[in-house]
Amino acid sequence: MNIDALINGLPGAAAQGLIWGIVAIGIYITYKILDIADLTVDGSLGTGGAVCVMMMLAGYSNGMSLAAAFVIGMVTGLVTGLLNTVMGIPAILAGILTQLGLYSVNLKIMGSRANTPINPNNYDLLVSLRNVKNVPFYENAIFITAVITLVIVAILYLFFGTEFGCTLRATGGSEAMCRAQGVNVEFNKVVGLTISNGLVAFAGGLLAQYQGFADVNMGRGAIVIGLAAVVIGEAIFGRIFSNFALNLIAMSLGSIIYYLVLQVVIWRGLDPQLLKLLSAIIVAIFLAIPYFKGKYFNGVILARHSGSEKGDAENAGN
Amino acid sequence: MLEIKNISKTFNAGTINEKRALDNLSLKLDEGDFVTVIGGNGAGKSTMLNAVAGVWKPDLGQVFIGGVDVTKMPEHKRAKFLGRVFQDPMIGTAANMQIEENLAIAMRRGNRRTLKWFITKKERESYREKLAELGLGLEDRLKSKVGLLSGGQRQALTLLMASLKTPKLLLLDEHTAALDPKTAAKVLELTDKIVNENKLTTLMITHNMNDAIAYGNRLIMLSDGKLILDIKGEEKKHLTVESVLAKFYEVSGDSFADDSTLLG
Ligand SMILES: Nc1ncnc2c1ncn2[C@@H]1O[C@H](COP(=O)(O)OP(=O)(O)OP(=O)(O)O)[C@@H](O)[C@H]1O
Ligand SMILES: [Mg+2]
């Protein structure tokens, strides 16, 4: 358990954290802004990885391949959105259905292989785990992903500040308000899911490059890892950051912290097979906190109301 | 301004829970009418408002707003004609957003939402003025998250949002019922002011008979999905709780199980 082993591992953890931070930003859009738990991401992350690697193997440029991953990812979100809004399937189930279907799709994209490597020696990869230290900064995976993250945050910040983007944020706040103000809630949900999965698939493309292969299972548990980043980011930075762009950056920071902590935990000798269990427990605890808080606060509100006018509670549902 | 023509709505048709919520209901509102709506629990008041707002389509009948047949128009398109305030103060505004953002969304009701970066300086000034008129001190809190406001403040804000872009019709569904009596009275005053200043055609559901009598120029009562009382003009001005109840017994010949709720 020497400290060098830990220090050696940290840059890699940071790079991975940054890439997963993009996933977390995508999940933030659905989970926090739209108030939808979208499980499509477990599939669309792999789709992004598969599309990106296959395109690069076929000779397309790095940029083209990542762009394709983004667009195909958007299509997966679109499918979930349409299942939810047009076919009336609850959002969670719609996401599960798409995710399951994508397992086959991802296999087919990779020519029926569960794992497709891409050799960093033969291809000009944007990010690679070889390039996290002892390289010029502009080749460093940490630097490159950080820049990409900032660009994504800037674009999303601009978008969510527009007339239309603002209604997207309102959709998760109150659907009734949106409908009353003439906002097409269904359309907004589809748009949100589409953007979110585009980002997740893009991150999948980056991740595949980073690790040097695309794998049909690479997205397994993505929703939980992404949520872990979201809840950590909110817990630590939620109070200090009020600006929307900073909130997005908090997701990325949350993800980096998550990976750094994992690195430490592994270094302390935790069996890596237990990592997913650990992640699930962390997320479960963090998700439970607002519930218990909410319970407490609701209690206060009800107490105040029942003092004034009885029957409010019964009527409130009408 | 509003014409409801023979609408019927049955919930859970063909099941044991079948409920005829609206039964061949017709109602016509003239421009500037401020109509208060009363009736017992389950009389169909909310259902009538929802039919106008387009929450779902009626089984039979038609709805016209300002002469336009909106029966088949989806809710979000119909919204351009309507201002709405709900009973639950938490749902008329988006808690996660700033006061000015909520107002800006309301300001664009009926417009296409573009990719323009928004809230102009001029706009902000006009919000400040309108908020000042509410007299709740919200004009200094444009950037506050709405979730930080009290129920009464949120309901006042919702009211402002409903009228910011003058609607053809204002729909209020027991919008003061969840507030404490003092706040409720204040919001109601505000409602009256906004309705009168903008000469809004209004449908206001209330469980408080005194309010139903004190406000508006017309009072209607629903029972079992039917319109059973419609009092307007001079007669409306001289109503008392007793005279409304007397009229109710006259038309229904029934003892009124729910008059405790009606009397508020
Ligand atoms: N979405 C729905 N699904 C099933 N039944 C419904 C639905 N909405 C209303 N109803 C039923 O229709 C009837 C009329 O309900 P409505 O909400 O219009 O009554 P209301 O006059 O507004 O009563 P309240 O004063 O209690 O608000 C009730 O019996 C109610 O249970
Ligand atoms: Mg009702």
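The values are calculated or read from the model by the stated rules, or taken from the named source; none is laboratory data. The shown structure was predicted, so the numbers you read here are calculated from the model rather than taken from an experiment. Note that we place each Cβ from the backbone using ideal geometry, even for glycine, and neighbour counts take in every protein chain shown. Ligands, DNA and RNA are stripped out before the accessible areas are found, and what is left, the full protein with its side chains, is counted by its heavy atoms. Shrake-Rupley method; radii C 1.70, N 1.55, O 1.52, S 1.80 Å.
For the stretch A:124-146, a residue qualifies if it is of a type outside the set (A, V, I, L, M), within 20 Å of A:Met56 (Cβ to Cβ) and open to solvent by 70 Å² or more (accessible area, probe 1.4 Å), and the qualifying residues are A:Asp124, A:Arg130, A:Glu139.
Residues in the stretch A:109-122 that are surrounded by fewer than 17 Cβ atoms within 10 Å (Cβ to Cβ) and in contact (Cβ under 8 Å) with a residue 12 or more places away in the chain: 6 in all.
Okay, residues lined up against (1) modelled with pLDDT under 95; (2) among the charged types (D, E, K, R); (3) buried (at least 24 other Cβ atoms within 10 Å of the Cβ):
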site	(1), (2), (3)
A:Ile25	no, no, yes
A:Ile29	no, no, yes
A:Lys32	yes, yes, no
A:Asp42	no, yes, yes
A:Thr47	no, no, yes
A:Ala50	no, no, yes
A:Gly73	no, no, yes
A:Leu82	no, no, no
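I need the full set of residues from the stretch B:1-14 which are open to solvent by 20 Å² or more (accessible area, probe 1.4 Å), away from every other protein chain (no Cβ under 14 Å), in a strand (DSSP E or B) and within 14 Å of ligand 1 (Cβ to nearest atom), in order please. Matches in the stretch B:1-14: B:Lys9, B:Thr10. Of everything in the stretch B:71-97 that is among the aliphatic types (A, V, I, L, M) and either within 14 Å of B:Ala162 (Cβ to Cβ) or facing chain A (nearest Cβ under 7 Å) (or both), the residue that is surrounded by the fewest Cβ atoms within 10 Å (Cβ to Cβ) is B:Ala95. Evaluation of B:Thr114 against the conditions (1) in a loop (DSSP other than H, G, I, E, B); (2) surrounded by 13 or more Cβ atoms within 10 Å (Cβ to Cβ) shows that the sole unmet condition is (2). Within the stretch B:37-70, the only residue that satisfies the criterion of being within 14 Å of chain A (Cβ to nearest Cβ), within 14 Å of ligand 1 (Cβ to nearest atom) and in a strand (DSSP E or B) is B:Val37. Taking the stretch B:117-133 as the range and being open to solvent by 70 Å² or more (accessible area, probe 1.4 Å) and among the hydroxyl-bearing types (Ser, Thr, Tyr) as the test, only B:Thr120 passes. Among the residues here, A:Gly205 qualifies as assigned to a helix (DSSP H, G or I) and modelled with pLDDT of 95 or more. Could you say whether any residue in the stretch B:208-220 is within 14 Å of chain A (Cβ to nearest Cβ) and within 16 Å of ligand 1 (Cβ to nearest atom)? Checked against the condition, which is being within 14 Å of chain A (Cβ to nearest Cβ) and within 16 Å of ligand 1 (Cβ to nearest atom), the stretch B:208-220 yields at least one hit.
Here the condition is being at pLDDT 90 or above and not charged (D, E, K, R); of A:Gly294, A:Gly221, A:Gly307, A:Gly238, it holds for A:Gly221 alone.
In this structure, does A:Leu156 turn out to be away from chain B (no Cβ under 14 Å) and under 16 Å from A:Gly21 (Cα atoms)? Against the criterion (away from chain B (no Cβ under 14 Å) and under 16 Å from A:Gly21 (Cα atoms)), A:Leu156 does not qualify. In the stretch A:130-194, counting only helices (runs of 4 or more DSSP H) that sit wholly within it, the ones holding 2 or more residues that are of a type in the set (Val, Ile, Thr) span A:141-160, A:163-173.
Within the stretch B:15-36, the residues that satisfy the criterion of being over 19 Å from B:Ile205 (Cα atoms) and within 13 Å of ligand 1 (Cβ to nearest atom) are B:Thr15, B:Ile16, B:Asn17, B:Glu18, B:Lys19, B:Arg20. Return yes or no: is A:Ala69 of a type in the set (Gly, Ala, Ser), crowded, with 22+ Cβ neighbours inside 10 Å and not in a loop (DSSP other than H, G, I, E, B)? In short, yes. Candidates are the residues of the stretch A:174-190 that are buried (at least 23 other Cβ atoms within 10 Å of the Cβ) and under 20 Å from the mean Cα position of the chain (by Cα); the one that is nearest to the other protein chains (Cβ to nearest Cβ) is A:Asn188.
Quick one: in the stretch A:226-245, which of the residues that are part of a loop (DSSP other than H, G, I, E, B) and not aromatic (Phe, Trp, Tyr) is least open to solvent (accessible area, probe 1.4 Å)? Only one residue fits best here, namely A:Gly238. Scanning the stretch B:166-190 for residues that are without any contact (Cβ under 8 Å) to a residue 40 or more places away in the chain and part of a helix (DSSP H, G or I) turns up B:Pro181, B:Lys182, B:Thr183, B:Ala184, B:Ala185, B:Lys186, B:Val187, B:Leu188, B:Glu189.
When residues of the stretch B:78-89 are filtered for being in contact with a Lys or Arg (Cβ under 7 Å, 6 or more places away or on another chain) and within 17 Å of A:Gly173 (Cα to Cα), how many remain? So the answer is 1.
Look at the stretch B:56-72: where a residue is within 11 Å of B:Lys9 (Cβ to Cβ) and a partner is basic (Lys, Arg), sitting 6+ places away or on another chain with Cβ atoms under 6 Å, you get B:Pro58/B:Lys9; B:Asp59/B:Lys9; B:Gly61/B:Lys5.
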